[in-house]
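Take a look at the structure set out below.
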């Protein structure tokens, strides 16, 4: 038994479920890399995965491997990775599972044991995740008018409708919209988004259009109290999320029905905002190649508003960067883009001064 586990396990002859439970009780609250605790959701997701993993490993119909959790080895991971690929799991899911196993290997003293996803399959393309958008996932690209559909939802559930409107105007994730406190979130002409964000990362989105201002004021009126959030009063976060998902299904806001999801509103915002910043449509919307510096500036500004700091994360919304052909007609000059950006900033300042 590795020294990591000597003070953790009460016996070397525990049933595998008890052994796993004791390992999780000791390690599961810890972040994989940073010196901090992880969220309850992450702990639950990890626990569910580990029990399902060892249950399938030990009880599948192909090769039953009576392995104890503390003896996990690469051959077990390779076997399970093959099953995941055969099952048709997407690369992102397989990478997440391997990340969980990489963390588990650290706990049991097998640092570096879990290899990169490509090492476990014959065709690396089966597990390589592409972050560049191929299709425009925004609502308008699927002939769904966001304002019209949100108005329909609002007649049925004013809270969910307002959450969707804030998601559209301020590129909020749904959890962020539910947890938003409209009165407190407005700071110096910007909307602070921090509650419910991934990793607690704070970001600010300018209130620089009449549509943004109207959405925020409508949210303030709906919640009333200056300390109230956008979730339905008296309901927990979990209940609000469940309600939200029910309403999405009721109005066909699913991939199976209309071909769109609530997250598509972030794609709507991202592509519209890029066009405002760059002066041309995004690559995923058929926009032409432009000067690299213009594109980079637009992507970085957008990334900040989306809650990221890396330019390449915008590929997931806009598609990859288009290379400029040598015989391309004169692109939009960088000076022109800077002038438009300055005008946009000036407009934002005017909006902040409005009552």
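Let's see how each residue does on (1) assigned to a helix (DSSP H, G or I); (2) farther than 20 Å from residue 113 by Cβ; (3) modelled with pLDDT under 90:
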position	(1), (2), (3)
4	yes, no, yes
21	yes, yes, no
43	yes, yes, no
58	yes, no, no
62	no, yes, yes
70	yes, no, no
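Could you tell me whether any residue of segment 36-50 is assigned by TED's automatic domain parsing to the domain that holds residue 93, under 25 Å from the mean Cα position of the chain (by Cα), under 19 Å from residue 73 (Cβ atoms) and surrounded by 13 or more Cβ atoms within 10 Å (Cβ to Cβ)?
Yes, some residue in segment 36-50 is assigned by TED's automatic domain parsing to the domain that holds residue 93, under 25 Å from the mean Cα position of the chain (by Cα), under 19 Å from residue 73 (Cβ atoms) and surrounded by 13 or more Cβ atoms within 10 Å (Cβ to Cβ).
In the list 100, 120, which residue meets the criterion of being closer than 30 Å to residue 11 by Cβ and either surrounded by fewer than 17 Cβ atoms within 10 Å (Cβ to Cβ) or in contact (Cβ under 8 Å) with a residue 40 or more places away in the chain (or both)?
Step by step, each of 100, 120 is checked, and only 100 is closer than 30 Å to residue 11 by Cβ and either surrounded by fewer than 17 Cβ atoms within 10 Å (Cβ to Cβ) or in contact (Cβ under 8 Å) with a residue 40 or more places away in the chain (or both).
What's the total number of residues in segment 237-276 that are crowded, with 22+ Cβ neighbours inside 10 Å and closer than 17 Å to residue 317 by Cβ?
11
Would it be correct to say that residue 297 is free of Cβ contacts under 8 Å to residues at least 60 places away in the same chain and under 17 Å from the mean Cα position of the chain (by Cα)?
No.
If you scan segment 198-231, which residues turn out to be over 23 Å from the mean Cα position of the chain (by Cα), surrounded by 15 or more Cβ atoms within 10 Å (Cβ to Cβ) and part of a loop (DSSP other than H, G, I, E, B)?
If the condition is that a residue be over 23 Å from the mean Cα position of the chain (by Cα), surrounded by 15 or more Cβ atoms within 10 Å (Cβ to Cβ) and part of a loop (DSSP other than H, G, I, E, B), then 208, 209, 228 are the ones that fit.
Scan segment 260-280 for residues that are in contact with a helix residue (DSSP H, G or I) (Cβ under 7 Å, 6 or more places away or on another chain) and part of a loop (DSSP other than H, G, I, E, B) and report the count.
The qualifying residues number 3.
Of the conditions (1) in a helix (DSSP H, G or I); (2) surrounded by 15 or more Cβ atoms within 10 Å (Cβ to Cβ), residue 304 clears all except one; give me its number.
All conditions are met except number (2).
Of all residues in segment 241-258, count the ones that are under 20 Å from residue 147 (Cα atoms) and assigned to a loop (DSSP other than H, G, I, E, B).
Counting residues in segment 241-258 that are under 20 Å from residue 147 (Cα atoms) and assigned to a loop (DSSP other than H, G, I, E, B) gives 7.
So residue 85 ticks every box in (1) assigned to a helix (DSSP H, G or I); (2) out of contact with any helix residue (DSSP H, G or I) (no Cβ under 8 Å at 6 or more places or on another chain) but one. Which box is left unticked?
(2)
If residue 175 satisfies every condition in (1) surrounded by fewer than 19 Cβ atoms within 10 Å (Cβ to Cβ); (2) more than 17 Å from the chain's Cα centre (by Cα) but one, which is the exception?
In the conditions (1) surrounded by fewer than 19 Cβ atoms within 10 Å (Cβ to Cβ); (2) more than 17 Å from the chain's Cα centre (by Cα), residue 175 misses (2) alone.
Of the residues 90, 114, which is crowded, with 19+ Cβ neighbours inside 10 Å and more than 16 Å from residue 17 (Cα to Cα)?
None of the other options fit; the residue is 114.
Could you list, in sequence order, the residues of segment 115-161 that are farther than 30 Å from residue 251 by Cβ, outside any loop (DSSP other than H, G, I, E, B) and within 25 Å of the chain's Cα centre (by Cα)?
Matches in segment 115-161: 117, 118, 124, 125, 126.
List pairs: first in segment 34-59 and closer than 19 Å to residue 198 by Cβ, second assigned to a strand (DSSP E or B), Cβ under 9 Å, 6+ apart or cross-chain?
That search, which allows pairs on different chains as well, returns 36/30; 37/30; 38/30; 43/37.
Among the numbered conditions (1) modelled with pLDDT under 95; (2) closer than 30 Å to residue 274 by Cβ; (3) part of a loop (DSSP other than H, G, I, E, B), tell me where residue 112 comes up short.
(2)
For segment 9-19, enumerate the residues that are in a loop (DSSP other than H, G, I, E, B), closer than 13 Å to residue 68 by Cβ and free of Cβ contacts under 8 Å to residues at least 60 places away in the same chain.
Passing the criteria: 11, 12, 13, 14, 15.
Return a yes/no flag: does segment 142-161 have any residue that is closer than 30 Å to residue 28 by Cβ and touching a residue at least 40 places away in the same chain (Cβ under 8 Å).
Scanning segment 142-161 turns up no residue that is closer than 30 Å to residue 28 by Cβ and touching a residue at least 40 places away in the same chain (Cβ under 8 Å).
The values are calculated or read from the model by the stated rules, or taken from the named source; none is laboratory data. On a predicted model such as this, the values are computed, not experimentally measured, just so you know. Cβ coordinates were reconstructed from backbone atoms using ideal geometry, including for glycine residues, and neighbour counts include every protein chain displayed.
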